[in-house]
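Trainee: I have a structure I would like to understand better, so I am pasting it below and will then ask my questions one at a time.
The values are calculated or read from the model by the stated rules, or taken from the named source; none is laboratory data. Remember, predicted model here, so these are calculated numbers, not experimental data. All Cβ positions, even for glycine, are placed from backbone atoms using ideal geometry, and neighbour counts span all protein chains on display.
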Amino acid sequence: MQQLKTLLVALVVVAVVLAYFSLFTVDQTEKALKFRLGEVVESGFEPGLHRKMPFVNNVRKFDARVQTLDETPARFLTQEMKNVIVDSFVKWRIEDERRFYTSVRGDVDIANQRLANIVRQGLREEFGKRTMQDVISGERVAIMEVLTEQAAVAAQNLGIEIVDVRIRRLDLPADVSDSVFDRMRAERERVARDFRARGHEAAERIRAEADREREVILANAYRDAEQTRGEGDARAAEIYAQAFTQDEEFYSFYRSLGAYTRAFSDESDILLLSPDSQFFRYFNRHMND
């Protein structure tokens, strides 16, 4: 009886062990390959519980989540043979686990090395097509788009899907930075001088136009004043002529009184004249009368 119980326990243990080695699970964040004596026989497992043959099949799992390749900053030459330091990173994940295993033996480090070579080659080509000014002034987005497309095509042979290629930072060597900043400063000074020259030109043009308008206004005003003065003088002469023809005696007397008044308008005025001077001609004549 005791032997029977021992046998049953042994059978149960064997059954549990066989069940343990006959089943495996695949998580949602994993991809799995089933091998038979070292040869890949099945892939593309859905998340859940799956069967395998104990001691004949073995299973290898890979992380299916997005991986990050953080590249070490490297130097690349631009079109004018100047160095630029590029800090980039790549986001990728396993798309085809069978090809991933056969191409890089399922090793993430090897995959990162292969991807790093692909991205470096792409950066070398793209920066070699562009000048330093192009790289700095805003073609970074275009470079990243091209790199993502090229890396995606090359990574298909590795069973990898490229999610994104990003340039985190662009730096210039100290000597290049100083040269670029000097050129930028010189360019800004040139633009400033150009603006100042245009401003001076516009100011001179406005000042000349204002002076011309001023001269025109003064000339027109002088012309109008002379015309008005001439009309006034003509009118005054006409009035004097009419007054003279109406009463010549009174007109002569009135003109003489006006002359006397203007000559002796102040008590301190002194006028030395001969008594028979023409100035007193009208006065003497009437005094004798």
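Trainee: Going by the structure shown, is residue 31 within 32 Å of the chain's Cα centre (by Cα), touching a residue at least 60 places away in the same chain (Cβ under 8 Å) and outside any helix (DSSP H, G or I)? Lay out the reasoning, then the answer.
Mentor: Numbers: within 32 Å of the chain's Cα centre (by Cα): no; touching a residue at least 60 places away in the same chain (Cβ under 8 Å): yes; outside any helix (DSSP H, G or I): yes.
No, not satisfied.
Trainee: How many residues are among the hydrophobic types (A, V, I, L, M, F, W, C) and buried (at least 19 other Cβ atoms within 10 Å of the Cβ) if we restrict to segment 75-104? Break it down stepwise before answering.
Mentor: Going residue by residue through segment 75-104, those that are among the hydrophobic types (A, V, I, L, M, F, W, C) are 76-77, 81, 84-86, 89-90, 92, 94, 100, 104.
Remaining after also requiring buried (at least 19 other Cβ atoms within 10 Å of the Cβ): 84, 86, 90, 92, 94, 100, 104.
Result for segment 75-104: 7.
Trainee: What's the total number of residues in segment 116-161 that are surrounded by 18 or more Cβ atoms within 10 Å (Cβ to Cβ) and acidic (Asp, Glu)?
Mentor: Of the residues in segment 116-161, 1 are surrounded by 18 or more Cβ atoms within 10 Å (Cβ to Cβ) and acidic (Asp, Glu).
Trainee: (1) modelled with pLDDT under 85; (2) hydrophobic (A, V, I, L, M, F, W, C); (3) within 21 Å of residue 114 (Cβ to Cβ): which one isn't true of residue 62, the others all being true?
Mentor: (1)
Table: residues versus (1) charged (D, E, K, R); (2) assigned to a loop (DSSP other than H, G, I, E, B); (3) closer than 24 Å to residue 158 by Cα.
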position: 40; (1), (2), (3): no, no, yes
position: 45; (1), (2), (3): no, yes, yes
position: 54; (1), (2), (3): no, yes, no
position: 60; (1), (2), (3): yes, no, yes
position: 79; (1), (2), (3): no, yes, no
position: 86; (1), (2), (3): no, no, no
position: 89; (1), (2), (3): no, no, yes
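The rows are residues; the columns are (1) free of Cβ contacts under 8 Å to residues at least 24 places away in the same chain; (2) under 30 Å from residue 59 (Cβ atoms); (3) assigned to a strand (DSSP E or B).
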position	(1), (2), (3)
99	no, yes, no
113	yes, yes, no
118	no, yes, no
122	no, no, no
149	yes, no, no
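Trainee: Considering only residues of segment 86-128 that are touching a Phe, Trp or Tyr at 6+ places or on another chain (Cβ under 8 Å) and of a type in the set (Val, Ile, Thr), which is nearest to residue 34 (Cα to Cα)?
Mentor: 94
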